[in-house]
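Written out below as structure tokens is the structure these notes cover.
The values are calculated or read from the model by the stated rules, or taken from the named source; none is laboratory data. These numbers come from a predicted model, not from an experiment. Glycine also receives a Cβ, built like all others from the backbone with ideal geometry; neighbour counts cover every protein chain displayed. Ligands, DNA and RNA are stripped out before the accessible areas are found, and what is left, the full protein with its side chains, is counted by its heavy atoms. Shrake-Rupley method; radii C 1.70, N 1.55, O 1.52, S 1.80 Å.
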Amino acid sequence: MSNNKPHPSQFFSTLSCDEFDEYIRPAPAEVEFETIMAKAVTRRDFFKGSAMLLGTGLFARSALAESAPEGKPSQANTRQAFEFEPVAANTEDTITLPHGYQWKTLLSWGDPLWSQGERFDPDRLTSAHSQAFAFGDNNDGMESFVHQGRQLLAINNEYINFASFYRNRPNHLPMDQDDVIKAQKAVGVSIVEIEASEQGWQRVVDSPFNRKITAHTPIEITGPARGHPLMKTQQDPKGIEAYGTWANCGSGRTPWGTYLTCEENFNGFYSASDPHWVVPDALKRYGLSHQDRGYAWGHFDERFDLAKNPNEPNRSGYVVEIDPTQPDAKPKKRTALGRFKHENAEVTLAQNGQIVIYLGDDERGEFLYRYVSDNAYEPGADTDDLMNNGTLYAAKFHEDGSGEWRALTPATTGMSQAEICIHTRQAASSVHATTMDRPEWVAVHPHQPQAYCALTNNKNRGVKPNQGGDPQPVGGPNPRAANQYGQIIRWLPADQDHGSNRFHWNLFVMAGNPDVYEKGLNTGSPNIHSGNLFNAPDGLQFDTQGQLWIQTDGKTSNQGDFAGMGNNQMLVADPKTGDIRRFMVGPKGCEITGLTWSHDKKTLFVGIQHPGEKGGSTFPDGRLARSSVVALWRTDNQPLG
Ligand code: FEO
Ligand code: CA
Ligand code: CA
């Protein structure tokens, strides 16, 4: 510990994670004339290609849809699809739902989960002690579990909102060690039991299943990177136990009932006290620098001082497995699933029962991944090996609509298996995977062999390479230069088997604004119209009926290129017809992220992250704006989704 004064980080704390990354470590400039010309040619050629894709690939009669057989209808699948009248875009500071639907706040940052916690008071600054008993900040991905007849929610707490978290501090920045520990206890994962009451769903205070997994929770390091020299630190000289998790973004669930939490923008929590310390290239690739995003953790906790613990960030950026039904079980970092800015972890099965996990790396020009276990899943058998021994692949998309998964192995990369799991971005670069427009959530269709990924936006597309120097040409699944709207790609694995190394792909939707642009790709794909405008698709999840729910984290100016889009929102898409309808609009300045259903599918829980991020919100209760989980339901008491 040191008593250095906190640095003047106010500017950085006001930036979003990707704005911070872009500022602190801009991608290398691209100036060669030949490269620019090559890109121009690629873009011209793609207009032909994308017209072909847009004309044939988006709708029910697409090759993809025709070649995908209907799965066996499940009981849920035969239920009548739920209907709603789409809602209009707006900039209200509340939640807007279709007629016949209602909502209520379930849980907000600062709400105590145990009776020894303090009731949240917006007029008082909380402490590390009060935060230790309370729900964390910036809830993101979540999943629901039923255990012993109880309903449990596992919910990510990604990072903190400086303006509210340190609202009584100068410049809204941490001042002392207690402030830092308070933030370390506001991130990670909350396991919360909930119950239906006459007042609707509410948390069960003091449930034996309530649990907080924070930046202070011991976590076992598993898989190929366990014990590798790059994983060893002062605190953990064997490299086998990490201390905590943070930057927990999207989620996942395994067939055996565990929760997966995905570490994303971990880099912004580290700083270096020695200005002469040289940042290694391997850390630069992950956005690490001398400067943190305002957290000041490195000033009060040496783990986060890169000059003293340069290996510590090698222990972040993983998927962590948690058993929500075992409050004392140690979480496990699954290094076999690679280290990058993980978005979510979508688990499915290959035809032979091997576990297949799709994983996005949310950074401009980084990659889309797939993990395939060596062994097959057998219900009831020990599952510990399935996420320790397997192969990572990175996606290569070809312009003709075909694609392949390129294995990341010692033979293909020249790296050891442990190095592949620690320096995964470098491994994927070495096999020339396709640089993507920020892969966010992946969702696998429940009845058909299809997977979808939200590519949220990428202002560097066609402008400059990624941090590793890999070019970002315009074309293929990333068809727009300086992509400001985002798109959703989908792929159909060969032989209808997610274990196959080949696939066909097309774009399901390109967001855009046909009210602003009369022609060109910024009009969006044909399934975009004045009634469903949105930008920056991010959260994706299928319901049991095969409808795709889309959540956004985009620009909310409602002006210029973004006119008519309003606040961030949630839409429902029909993969067969391409039809997309707006179901919900969130409050001002929020991102909509995370969704899961109650066991009877009659309640949908949705995450409202950072309302009033740039001010102007008092969501949810007319007082201090707080990130919250809300419950949505139909007034006729029928299932939704
Ligand atoms: Fe935490 Fe890429 O979103
Ligand atoms: Ca996200
Ligand atoms: Ca996002």
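Below is a table of values for the structure above.
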item: Segment 611-633: number of residues that are surrounded by 17 or more Cβ atoms within 10 Å (Cβ to Cβ) and either of a type in the set (Gly, Ala, Ser) or out of contact with any strand residue (DSSP E or B) (no Cβ under 6 Å at 6 or more places or on another chain) (or both); result: 11
item: Number of positions in segment 402-454 that are surrounded by fewer than 21 Cβ atoms within 10 Å (Cβ to Cβ), on the phi > 0 side of the Ramachandran plot and not small (Gly, Ala, Ser); result: 1
item: Qualifying residue in segment 521-539 (condition: on the phi < 0 side of the Ramachandran plot, within 16 Å of ligand 3 (Cβ to nearest atom) and out of contact with any Ser or Thr (no Cβ under 9 Å at 6 or more places or on another chain)); result: no
item: Residue within segment 462-485 that is within 16 Å of ligand 2 (Cβ to nearest atom), in a strand (DSSP E or B), open to solvent by less than 30 Å² (accessible area, probe 1.4 Å) and free of Cβ contacts under 8 Å to residues at least 60 places away in the same chain present; result: no
item: Residues located in segment 586-603, provided they are assigned to a loop (DSSP other than H, G, I, E, B), on the phi < 0 side of the Ramachandran plot and away from ligand 1 (no atom under 16 Å from the Cβ); result: 587, 588, 598, 599, 600, 602
item: Any hit, segment 77-85, residues being open to solvent by 20 Å² or more (accessible area, probe 1.4 Å), modelled with pLDDT under 95 and part of a helix (DSSP H, G or I); result: yes
item: Exclusive hit being farther than 29 Å from residue 635 by Cβ and open to solvent by 10 Å² or more (accessible area, probe 1.4 Å), set 138, 90, 161, 156; result: 161
item: Yes/no for residue 556 being in contact (Cβ under 8 Å) with a residue 40 or more places away in the chain and among the β-branched types (Val, Ile, Thr); result: yes
item: Those residues of segment 525-547 which are more than 16 Å from ligand 2 (Cβ to nearest atom) and either in contact with a Phe, Trp or Tyr (Cβ under 7 Å, 6 or more places away or on another chain) or more than 17 Å from residue 483 (Cα to Cα) (or both), in sequence order; result: 526, 527, 529, 530, 531, 532, 542, 543, 544, 545, 546, 547
item: Exclusive hit being more than 23 Å from residue 450 (Cβ to Cβ) and not polar (S, T, N, Q), set 534, 583, 542, 605; result: 605
item: Qualifying positions in segment 240-264 - more than 16 Å from ligand 1 (Cβ to nearest atom) and under 20 Å from residue 541 (Cβ atoms); result: 253, 254, 255, 256, 257, 258, 259
item: Neighbours by Cβ (under 8 Å, 6+ apart or cross-chain): first from segment 490-507, within 17 Å of residue 376 (Cα to Cα); second assigned to a strand (DSSP E or B) and among the β-branched types (Val, Ile, Thr); result: 498/348; 498/356; 498/444; 499/356; 499/372
item: Of residues in segment 378-420 being β-branched (Val, Ile, Thr) and part of a helix (DSSP H, G or I), the one nearest to the chain's Cα centre (by Cα); result: 420
item: Filter result (surrounded by fewer than 24 Cβ atoms within 10 Å (Cβ to Cβ) and either more than 15 Å from residue 371 (Cα to Cα) or within 16 Å of ligand 3 (Cβ to nearest atom) (or both)) within segment 332-358; result: 332
item: Unmet requirement for residue 371, which otherwise passes all of (1) surrounded by fewer than 24 Cβ atoms within 10 Å (Cβ to Cβ); (2) of a type outside the set (A, V, I, L, M, F, W, C); (3) free of Cβ contacts under 8 Å to residues at least 40 places away in the same chain; result: (1)
item: Output for segment 335-346, where each listed residue is more than 16 Å from ligand 2 (Cβ to nearest atom) and within 17 Å of the chain's Cα centre (by Cα); result: 337, 338, 339
item: All strands (runs of 3 or more DSSP E) inside segment 185-289 with 1 or more residues being within 16 Å of ligand 3 (Cβ to nearest atom), in contact (Cβ under 8 Å) with a residue 12 or more places away in the chain and in contact with a Gly (Cβ under 9 Å, 6 or more places away or on another chain); result: 248-253, 259-263
item: Pair list, Cβ < 9 Å and 6+ apart or interchain, from segment 4-18 residues that are open to solvent by 40 Å² or more (accessible area, probe 1.4 Å) to residues that are at pLDDT below 85; result: 11/23
item: Only one of 323, 328, 292 that is over 23 Å from residue 23 (Cα atoms) and crowded, with 18+ Cβ neighbours inside 10 Å; result: 323
item: Filter result for residue 182 (at pLDDT 95 or above and assigned to a helix (DSSP H, G or I)); result: yes
item: Tally, over segment 340-377, of residues that are part of a strand (DSSP E or B), within 16 Å of ligand 1 (Cβ to nearest atom) and either out of contact with any Phe, Trp or Tyr (no Cβ under 9 Å at 6 or more places or on another chain) or over 25 Å from residue 247 (Cα atoms) (or both); result: 1
item: Output for segment 586-610, where each listed residue is of a type in the set (S, T, N, Q) and buried (at least 23 other Cβ atoms within 10 Å of the Cβ); result: 593, 603, 609
item: Lone unmet requirement of (1) more than 23 Å from the chain's Cα centre (by Cα); (2) closer than 29 Å to residue 247 by Cβ for residue 639; result: (2)
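Here is a yes/no grid of residues against (1) closer than 24 Å to residue 258 by Cβ; (2) of a type in the set (Val, Ile, Thr); (3) open to solvent by less than 10 Å² (accessible area, probe 1.4 Å):
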residue: 199; (1), (2), (3): no, no, no
residue: 205; (1), (2), (3): no, yes, no
residue: 211; (1), (2), (3): yes, no, no
residue: 217; (1), (2), (3): yes, yes, no
residue: 224; (1), (2), (3): yes, no, no
residue: 229; (1), (2), (3): no, no, no
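For every residue, the table says whether it meets (1) touching a helix residue (DSSP H, G or I) at 6+ places or on another chain (Cβ under 9 Å); (2) closer than 21 Å to residue 372 by Cα; (3) within 16 Å of ligand 3 (Cβ to nearest atom).
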position	(1), (2), (3)
442	no, yes, yes
464	no, no, no
511	no, no, yes
546	yes, no, no
